[in-house]
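Trainee: Have a look at this one before I ask anything.
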Amino acid sequence: MGRRARAVTIVASVLVVGASREVSADWALTAFLGGSHTRDSSLTLTRPSAATDVTLARVRYDGASFEAPPYYGYRLAFFPRSSWFGIEGELIHLKVIADTSRMTSVEGIVQGDRVNGEQPIASLIQRFSITHGVNLVLVNAVARRPLRWRTNDDRPSTLVVGRLGLGGSVPHPESAIDGIAYEGYEWGALSTQAAAGVERRLAGPLYVVAEYKLSRSVQRVTIAGGSARTPLVTHHLVGGLVAYLGPHSRRTE
């Protein structure tokens, strides 16, 4: 991940830290891996230098979640003492790789000529991906409740957690069009997510988490001579570890 992505992650964490004036805080640090599936989507290519403004109706994306660099994420949450509601900063590194070998419906202007019909994607763009990450950088509202407590223990053995997130993104697009390649980190679009998961205690303050996420981000990124716009709606399944730092999960009477 590039400098901009790291910088935005730090800013999100600072927002979380600044959300409380209490000296004694409840914190949760999470790291996770997983897989993602992005729905087929439209892709609009706008290239004024080539007199092109065309929309590809249906592009299939591969997540390549287990290929380097893999899908991963991490987050830092703050909970006011004895509260089951909190706020957190989160980075999600997911990827999208367009299958340019397919045919699709296209409509618009290509090199000054109007087109409307089936055409190979590769005839318009040979490669399009965001593979060093769409890099969603989110601030989440978090709610959680215990499902079960261990006997003679003041920590829950199982927690159910839900979150809603809003933030930005730092995509790294990579493309090739008309023999010209482009790649680089950029400031991206507004992004949202909804997620629900279960946390199961392993030992002490350490829990294992399994979670489903649904995210949406309409990315507009640079290509040679112009830009590409694509709405990304993505399903995520993740698993990881949560370390609770403080009394956040202790039973209160």
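Trainee: Tell me, which strands (runs of 3 or more DSSP E) lie completely within the stretch 166-249 with 3 or more residues that are among the β-branched types (Val, Ile, Thr)?
Mentor: So the answer is 206-223, 226-245.
Trainee: Run Gly133 past the list (1) under 17 Å from the mean Cα position of the chain (by Cα); (2) assigned to a strand (DSSP E or B); (3) of a type in the set (Gly, Ala, Ser) and report the number of the one that doesn't hold.
Mentor: Among (1) under 17 Å from the mean Cα position of the chain (by Cα); (2) assigned to a strand (DSSP E or B); (3) of a type in the set (Gly, Ala, Ser), the lone unmet condition for Gly133 is (2).
Trainee: Another question about this same structure. Filter the stretch 16-39 down to residues that are in contact with a Phe, Trp or Tyr (Cβ under 7 Å, 6 or more places away or on another chain), surrounded by fewer than 21 Cβ atoms within 10 Å (Cβ to Cβ) and modelled with pLDDT of 95 or more, then give me how many there are.
Mentor: Selection size over the stretch 16-39: 3.
Trainee: Continuing with the same structure: Restricting to the stretch 111-130, and then to whatever is under 32 Å from the mean Cα position of the chain (by Cα) and assigned to a strand (DSSP E or B), can you tell me which residue is surrounded by the most Cβ atoms within 10 Å (Cβ to Cβ)?
Mentor: Ranking the qualifying residues of the stretch 111-130, first place goes to Ile130.
Trainee: Among the residues of the stretch 170-207 satisfying the criterion of being among the aliphatic types (A, V, I, L, M) and closer than 20 Å to Val137 by Cβ, which is surrounded by the most Cβ atoms within 10 Å (Cβ to Cβ)?
Mentor: Val170
Trainee: Residue check: is Val137 buried (at least 22 other Cβ atoms within 10 Å of the Cβ), at pLDDT 95 or above and either closer than 23 Å to Leu241 by Cβ or touching a helix residue (DSSP H, G or I) at 6+ places or on another chain (Cβ under 7 Å) (or both)? Don't jump to the end; show me each part of the working.
Mentor: On the way: buried (at least 22 other Cβ atoms within 10 Å of the Cβ): yes; at pLDDT 95 or above: yes; either closer than 23 Å to Leu241 by Cβ or touching a helix residue (DSSP H, G or I) at 6+ places or on another chain (Cβ under 7 Å) (or both): yes.
When the stated conditions are applied, Val137 passes them.
Trainee: Still on this structure, please answer the following. So, in the stretch 61-104, how many residues would count as being in contact with a helix residue (DSSP H, G or I) (Cβ under 8 Å, 6 or more places away or on another chain) and assigned to a loop (DSSP other than H, G, I, E, B)?
Mentor: 4
The values are calculated or read from the model by the stated rules, or taken from the named source; none is laboratory data. Just so it is clear, the structure is predicted and the values come from calculations on it, not from any experiment. All Cβ positions, glycine included, derive from the backbone under ideal geometry; neighbour counts span all protein chains shown.
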